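The values are calculated or read from the model by the stated rules, or taken from the named source; none is laboratory data. Since we're looking at a predicted model, the values are computed, not measured. Ideal geometry is used to build each Cβ from the backbone, glycine not excepted, and the neighbour counts take in all protein chains shown.
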């Protein structure tokens, strides 16, 4: 063991990952700099923008505000783990179909955040989506198409899950 | 041109070519890059708004284990003052160098003073704290009117007012006085039955891109410098580096990484020269510098706070007889506010006989202003459009009818004497007046509906592109335009339209400065217009080359081969694009072409916005209930991305109007340098934003394209102010119209 470094055992996107980190390193820094998961973006680095969103044991967190050592024994889902083995997740597909991104820097955070929302609430109202997403800043889109993409994805996922017929 | 009434590709909504990379986290932005042996940097920033730097001692920082290099202004060449064009503005190279690292004086809170490269970012941050700077603190100047006073503290030791082209003799903070005059405003005001005169104040605001500035540099042993960065224009970075570092262009290669927003704020370089110097000084190691948002807000961007006085007069029938404006814009620490572009916007939508505009560019102890979406336009339109609303009220006219009566048309001359070509100002105002939103009832207390118009001149500029045809009929496209919001799609679509092939057959790539011809940055609403024109020319050239190949196969003259509906033909012979592409090997090998254009027939853009608000009289908070934005876009190449540009501009304009603004304490320290305290709209602050696309094709573009991106930020603050007036009967003349300001206006503060 490297002096001053701590061993951390995690499961990232379904794979067991053990890493060494300094106690002062954030989970975001380790994901990006040590493990190559650069889908989580380092932007404000103080919990205001949501671009670094990941799920930690199923809970949506800003990974810049979590110390890497806190991930010991936990499972992490990053944007890289959202897509199925083939193709894109419906959320990702709907973001593209609705042109819900322009520069794209906030997009991974939004997709992880929307994924977490739909896990909890498969039938969110527009206002519920707007409230849930208020922790993710986007400066390009005015959010309009992002909200539309999430609502559309939610409807399609419900349809897929239950054979529910969509009301146009 | 515009002979085509129907398009196959233009006007459709294909998925963007870089889509999968962007939604899976695979797209590489500047901060995602890792190079072997890479070092990481940290910047020491001035804690004072205005201070003389007496000494800098870096010895303790240099002695810290893991530190590889420390750079101060002494390491930067002392370049001469010269003015270089920078897309949406110009920049004095010497001032820019002084901005990169403070030399003699720190001129704003956050001004970079020294920079360290180390084995880790944590070591670099520790090292920065060990640098000892001895400052003589000077009184700061934060207010534009205060800065203009004769006895104000002076920021720059060489600044004299450019008074309508004549240099003054005294040292001053007023960099320039510009004037535009048309007709005789005195006579115009005498003809007026009604006049309105008001003074407006607008806060310093930031572009607010989510991705902070970042730059990675490798200064190689052979003198070659490679820069990977987040920029709107890779060639602009190369030009600035050449001047600031005083090295030949041939030594610099700039690789534009994916860019996480810019809005004008990522044309100027900040970190790139520092990363290059650190790389050289640390033994040619790659060095990466990234900002956080405290750095971004305190030391990059912003756009000017301003004081604007507007007087307008109209006859009883509503005809505006005269308009006068006095505009003082903060430049930040160095000259270069967008005041002249504000002068261009302020009465842009109207044909007015008599106009007098006076604009002042004033330095203050804030970061130097950078372009921000329709630079200078939003503050200017806020002032003018509120005054027009009041004129309409005094005349008893509908505010859109008054605007329509005075709307600019083809042939009308702006204040600067330039005549408008075919523009869609009238069509936009009519579409707004006819929109159901404008006629919908708005019941409820403390609710009001406001409208405002806006204009933006747009731009053309230099663009290059090259393409090669593949044997399966697909086409690789290499362009120099950075894709900031879907331009890979809008450019590919114009090439596909020209080539009459599916857009999925185009594989676009944004190239570095060694790989593609000179291309200006993605700014000025120019990319879909000018780079689109470049690929139109490119497509025609490829078709010409392929006609030659077909002629060769069929043993006819190339002029006899026609290309229609994706098929080359001559007599009874026919070959599709893909079939002919498959025969390249037997007709002379690869088919490639490259073009460079500099079109000057861009068309101005006009917008009219309608907004419903509800004001909470207890808290002063303003909620946006409904928003409709109408805009002439020329021709919407990819309507979804056009809508997105409009919606994004509205959102930024709403922020500018209601919640965004810099707060400095008396010592000039920025008090809200975080994205929590610099309050940009969240998804919860905005309603759905309806867009109405009006298409008055620009006759100066093969596909009728006008720039789209900038004008939507122009009307929102004015439209909201006018809506607040209708809701609660008070005129707000200061931005942002925060709850505290609204309460104050209601007499409840």
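Could we say that residue A:127 is over 22 Å from residue A:36 (Cα atoms), out of contact with any helix residue (DSSP H, G or I) (no Cβ under 7 Å at 6 or more places or on another chain) and buried (at least 20 other Cβ atoms within 10 Å of the Cβ) here?
Values: over 22 Å from residue A:36 (Cα atoms): yes; out of contact with any helix residue (DSSP H, G or I) (no Cβ under 7 Å at 6 or more places or on another chain): yes; buried (at least 20 other Cβ atoms within 10 Å of the Cβ): no.
Spelling it out, it is not the case that residue A:127 is over 22 Å from residue A:36 (Cα atoms), out of contact with any helix residue (DSSP H, G or I) (no Cβ under 7 Å at 6 or more places or on another chain) and buried (at least 20 other Cβ atoms within 10 Å of the Cβ).
The rows are residues; the columns are (1) over 30 Å from residue A:16 (Cβ atoms); (2) crowded, with 24+ Cβ neighbours inside 10 Å; (3) more than 8 Å from every other protein chain (Cβ to nearest Cβ).
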residue	(1), (2), (3)
A:71	no, yes, yes
A:79	no, yes, no
A:90	no, no, yes
A:102	yes, yes, no
A:111	no, yes, no
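Hey, can you tell me all the residues within region A:6-29 that are over 16 Å from the mean Cα position of the chain (by Cα), within 13 Å of chain B (Cβ to nearest Cβ) and either surrounded by 16 or more Cβ atoms within 10 Å (Cβ to Cβ) or over 23 Å from residue B:290 (Cβ atoms) (or both)? Write out each step before concluding.
Of all residues in region A:6-29, those over 16 Å from the mean Cα position of the chain (by Cα) come to A:6-10, A:15-26.
Restricting the remaining residues to those that are within 13 Å of chain B (Cβ to nearest Cβ) gives A:21-26.
Within region A:6-29, A:21, A:22, A:25, A:26 meet the criteria.
Scan region B:7-44 residue by residue and report those that are crowded, with 21+ Cβ neighbours inside 10 Å, assigned to a loop (DSSP other than H, G, I, E, B) and away from chain A (no Cβ under 12 Å).
Those that are crowded, with 21+ Cβ neighbours inside 10 Å, assigned to a loop (DSSP other than H, G, I, E, B) and away from chain A (no Cβ under 12 Å): B:9, B:10.
Here are A:130, A:139: which of them is within 8 Å of chain B (Cβ to nearest Cβ), over 16 Å from residue B:26 (Cα atoms) and assigned to a helix (DSSP H, G or I)?
Values: A:139 fails: assigned to a helix (DSSP H, G or I).
Checking each option against the conditions leaves just A:130.
Select, from A:161, A:116, A:155, the only residue that is more than 10 Å from chain B (Cβ to nearest Cβ) and within 28 Å of residue B:627 (Cβ to Cβ).
Values: A:161 fails: within 28 Å of residue B:627 (Cβ to Cβ); A:116 fails: within 28 Å of residue B:627 (Cβ to Cβ).
Testing whether each residue is more than 10 Å from chain B (Cβ to nearest Cβ) and within 28 Å of residue B:627 (Cβ to Cβ) leaves just A:155.
Only residues in region B:643-663 that are without any contact (Cβ under 8 Å) to a residue 24 or more places away in the chain count as the first member; pair them with residues that are surrounded by fewer than 24 Cβ atoms within 10 Å (Cβ to Cβ), Cβ under 6 angstrom, at least 6 apart or cross-chain, and list the lot.
Within 6 Å, the pairs are B:663/B:671; B:663/B:672.
Could you tell me which of the residues A:17, A:30 is in contact with a helix residue (DSSP H, G or I) (Cβ under 9 Å, 6 or more places away or on another chain) and either modelled with pLDDT under 95 or more than 23 Å from residue A:121 (Cα to Cα) (or both)? Explain how you work it out, then say what you get.
Values: A:17 fails: in contact with a helix residue (DSSP H, G or I) (Cβ under 9 Å, 6 or more places away or on another chain).
The match here is A:30.
Among B:239, B:243, B:295, which is over 23 Å from residue B:208 (Cβ atoms) and within 21 Å of the chain's Cα centre (by Cα)? Explain how you work it out, then say what you get.
Numbers: B:243 fails: within 21 Å of the chain's Cα centre (by Cα); B:295 fails: over 23 Å from residue B:208 (Cβ atoms).
Within the list B:239, B:243, B:295, the selection yields B:239.
Would you please name the residue that is farthest from the other protein chains (Cβ to nearest Cβ), looking only at residues in region B:628-643 that are under 22 Å from residue B:432 (Cβ atoms) and in contact with a helix residue (DSSP H, G or I) (Cβ under 6 Å, 6 or more places away or on another chain)?
B:632
Among the residues of region B:654-676, count how many are at the interface with another protein chain (Cβ under 10 Å from one of its Cβ atoms) and closer than 17 Å to residue B:741 by Cβ. Steps first, answer last, please.
Let us first name the residues in region B:654-676 that are at the interface with another protein chain (Cβ under 10 Å from one of its Cβ atoms), namely B:654-655, B:674-676.
Those still in the list that are closer than 17 Å to residue B:741 by Cβ too: B:654-655.
Selection size over region B:654-676: 2.
So residue B:575 fits all but one of (1) closer than 26 Å to residue B:488 by Cα; (2) not in a helix (DSSP H, G or I); what number is the exception?
All conditions pass for residue B:575, except number (1).
Can you pull out every residue in region B:368-405 that is in contact (Cβ under 8 Å) with a residue 60 or more places away in the chain and outside any helix (DSSP H, G or I)?
B:368, B:369, B:370, B:371, B:372, B:373, B:374, B:375, B:376, B:397
Give region B:515-540 a look and list any residue that's within 14 Å of residue B:594 (Cβ to Cβ), part of a loop (DSSP other than H, G, I, E, B) and within 19 Å of the chain's Cα centre (by Cα), or say none.
Hit for region B:515-540 is B:519, nothing else.
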